1. Please work out which residue is nearest to B:A285 (Cα to Cα), limiting yourself to region A:50-85 and to residues that are within 13 Å of chain B (Cβ to nearest Cβ), assigned to a helix (DSSP H, G or I) and not charged (D, E, K, R).
2. Which of the residues that make up region A:160-202 are part of a loop (DSSP other than H, G, I, E, B), within 24 Å of A:F275 (Cα to Cα) and small (G, A, S)?
3. For region B:99-114, what are the residues that are more than 18 Å from B:E221 (Cβ to Cβ), of a type in the set (S, T, N, Q) and open to solvent by less than 40 Å² (accessible area, probe 1.4 Å)?
4. Taking A:E103 as the residue in question, decide whether it is part of a helix (DSSP H, G or I) and open to solvent by 10 Å² or more (accessible area, probe 1.4 Å).
5. If I ask for residues that are at pLDDT below 90, buried (at least 20 other Cβ atoms within 10 Å of the Cβ) and under 23 Å from A:L132 (Cα atoms), which ones from region A:213-226 would you list?
6. Within region B:283-293, is even one residue more than 22 Å from the chain's Cα centre (by Cα), under 28 Å from B:L92 (Cα atoms), charged (D, E, K, R) and in a helix (DSSP H, G or I)?
7. A:K173 - would you say it is more than 7 Å from every other protein chain (Cβ to nearest Cβ), in contact (Cβ under 8 Å) with a residue 12 or more places away in the chain and out of contact with any strand residue (DSSP E or B) (no Cβ under 8 Å at 6 or more places or on another chain)?
8. Give just the number: which of (1) away from every other protein chain (no Cβ under 14 Å); (2) at pLDDT 90 or above; (3) loosely packed, with under 15 Cβ neighbours inside 10 Å does A:G122 not satisfy?
Amino acid sequence: MKKVLLATAVFSGAVLALEITGAGATFPYPIYSKWAYEFNRETGNKVNYQSIGSGGGIRQIINRTVDFGASDGPLTPEEVEKNKLLQFPTVIGADVITYNVPEIGKTVLNMDQKAVCDIYMGKIKKWNDPYLQQLNPNVKLPDRPIVVVHRSDGSGTTWIFTNWLSKVCPEWKEKVGYGTSVKWPVGVGGKGNEGVTNYVKRSQGGIGYVEYIYAKQNNMPVARIKNREGNFVEPNMKTIQEAAKHAKWDKSKHFYEVLTDQPGKDAYPITGATFILLAKDQPERAKKATTFFKWAYEKGDKYAEELNYIPMPENVKKLIFEYWKEHGVAP
Amino acid sequence: MEEVAYAEKTLKEIRTRGLFLERFLKFSFGFWALFAGLLFPILAGLILLYEARLAIEKFGFIHFLTYTNWDPVAEDFGALTMIFGTVVSTILSMLIAAPVAIGIAIFITELAPNWFKSIVSTAVELLAAIPSIIYGLWGFFILTPIMATKVEPWLQEKLGDVPLIGKLFQGAPTGVDVLTTSLVLSIMIIPFMASVVRDAFNMVPPIMKESAYGLGATKWEVIRQVVIPYTASGIAGGLILSAGRALGETMAVTFLAGNNPQIPKSLLDSFTTITVALANQFTEADTDIYLSALYYVGLLLYLVSFTMLGIAKFMVLRLEKRWKV
């Protein structure tokens, strides 16, 4: 009898491929769809991910219309509990500060917390401001007005950037705060990473923040940012992963952890993870999703790196597997 | 006898079938007309009202309408900046487009040689077929640099010191502002306006024009005193249609407006419109009140469009009365 059951299980497993649906954040869309493609080739299971934005992803999983939701900002532990959800991080990204100052070309500039904050508050108005000059003693900065550029659309990129500013700059926290879109004190808004980039490229004296991946693919000049240990850090695979390594991931808090301004000598400070949300009260659907993400954690790192996403460190992956087991949604 | 009865029967059948068909068409067309024309707008309005209820409760109507702050973090919302941006960019683009479009229509119907008419007509209609995103990209990559480095500094130099008007040209010329947006919007609506106005001009009975010529009127006098008065309501109709398009235009404006929820202090200031705010913020609106406020703004766009089109329709009726022949 047992054998028959087992045989049927195996047989039906082979025939009935899983169909997993997800919706949410646009930032991880390229890697999720790459994973989905490779996952489908290897296992025959289908993943249908729609990048409708984090806000939409959260709403869809709360209404249980998808198997998993995706969000760039983590929900607080209370929100996760209230909506009977589970939450864990998948990949890491970062924001970089790019600029267009014709006089210095692609020279790498140093920026600290106060410099970025004052520029975006509209207090530092020129490139040769004494404060900026003192941070970059070897560069001759020109007498040119700074054109501040930010995102006009709501986005996880803005969330990470403003969250970092709120942590390192009390004035920003008090007057602006953080979110997927905020009330900007100065500057013009460009739509999407490409909008910000083109605006910075076009205006002499422009400065803007874009996703690390985007800046890397487009070979843009990128500033070194001072982290909380006082080092100027260039954003790259190593320094961004460093930020995730030292973070205090906590299973009992549903991995609520923002990677901005993390400790670590070489940790790049404007870093953030992107998250997956599952329905705790529908373990069958959640298990379908964890099947996919287990595969992604085990075999997907190389695809992530190809696309310049930073995979989670091994210790964090282990924590996530344990977290699934605890809540009965392990595949 | 039998044949007559048979013939009567078939005739009856045919008649009932015809009656049935007629009735069926009447009802189904009537239904669709009612649905598209009346029910659908009402339903859309009701849904917007329902989704916006949270924000309506929290911010009220007059306050929301006259308040300029838009702060998603503090969850404090007011729509005046967006309504202002929508109305101002629409009116400005109409001001630029109307004379050009009417000029094009006059040229096509009255002035151009016959072989040239169809070429210009087609060219203008082709303009209307270009998707708005293309206008946006063209405006952003090609027009804004020219505006920022050439046109706007020149305007500032020439007009910056003129009292009153000079105020409109203050601030750093960035190219993404009210002026560039209105300019691109006007290019987008010119073809619509021109085609409608041209069709209206073509409707003028030749006998009226000919009798004017017969009385010794010049071409210009015929255009001014016969063609334009006769077609005033047609011209107004064309303007209304184009106003509708300018009001709702999103993609192109997103690229060119600078997307700042503020009341622009000059033509060279960045701003935002209702549709742009919706397109930009809808996907990532993560709190209920934020989403509801966006629906509320959508509801206001609905009301603004209705009011503007209503006013325009009223003007057409008055014109028709005045020029009734």
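1. Ranking the candidates gives A:G55 first.
2. Restricting attention to region A:160-202, the residues satisfying the condition of being part of a loop (DSSP other than H, G, I, E, B) are A:169, A:176-187, A:191.
From what is left, the residues that are within 24 Å of A:F275 (Cα to Cα) are A:177-182, A:191.
Once the filter is applied, which keeps residues that are part of a loop (DSSP other than H, G, I, E, B), within 24 Å of A:F275 (Cα to Cα) and small (G, A, S), region A:160-202 yields A:G177, A:G179, A:S181.
3. Of the residues in region B:99-114, the ones more than 18 Å from B:E221 (Cβ to Cβ) are B:99-101, B:104, B:108, B:112-114.
Subset that is of a type in the set (S, T, N, Q): B:114.
Within region B:99-114, no residue meets the criteria.
4. On the way: part of a helix (DSSP H, G or I): no; open to solvent by 10 Å² or more (accessible area, probe 1.4 Å): yes.
Spelling it out, it is not the case that A:E103 is part of a helix (DSSP H, G or I) and open to solvent by 10 Å² or more (accessible area, probe 1.4 Å).
5. A:A215
6. Pass one, region B:283-293, residues more than 22 Å from the chain's Cα centre (by Cα): B:283-293.
The next check asks that each one be under 28 Å from B:L92 (Cα atoms); those that pass are B:293.
Imposing the further condition that a residue be charged (D, E, K, R) reduces the set to none.
Taking every residue of region B:283-293 in turn, none turns out to be more than 22 Å from the chain's Cα centre (by Cα), under 28 Å from B:L92 (Cα atoms), charged (D, E, K, R) and in a helix (DSSP H, G or I).
7. Values: more than 7 Å from every other protein chain (Cβ to nearest Cβ): yes; in contact (Cβ under 8 Å) with a residue 12 or more places away in the chain: no; out of contact with any strand residue (DSSP E or B) (no Cβ under 8 Å at 6 or more places or on another chain): yes.
Criteria not met by A:K173.
8. That leaves (1) as the condition not met.
The values are calculated or read from the model by the stated rules, or taken from the named source; none is laboratory data. Since the model is a prediction, treat every value here as computed from it, not as a measurement. Note that each Cβ is placed from the backbone with ideal geometry, even for glycine, and that neighbours are counted across all protein chains shown. When the accessible area is computed, the model is the full protein with side chains, heavy atoms only, and any ligands, DNA or RNA have been set aside. Shrake-Rupley method; radii C 1.70, N 1.55, O 1.52, S 1.80 Å.
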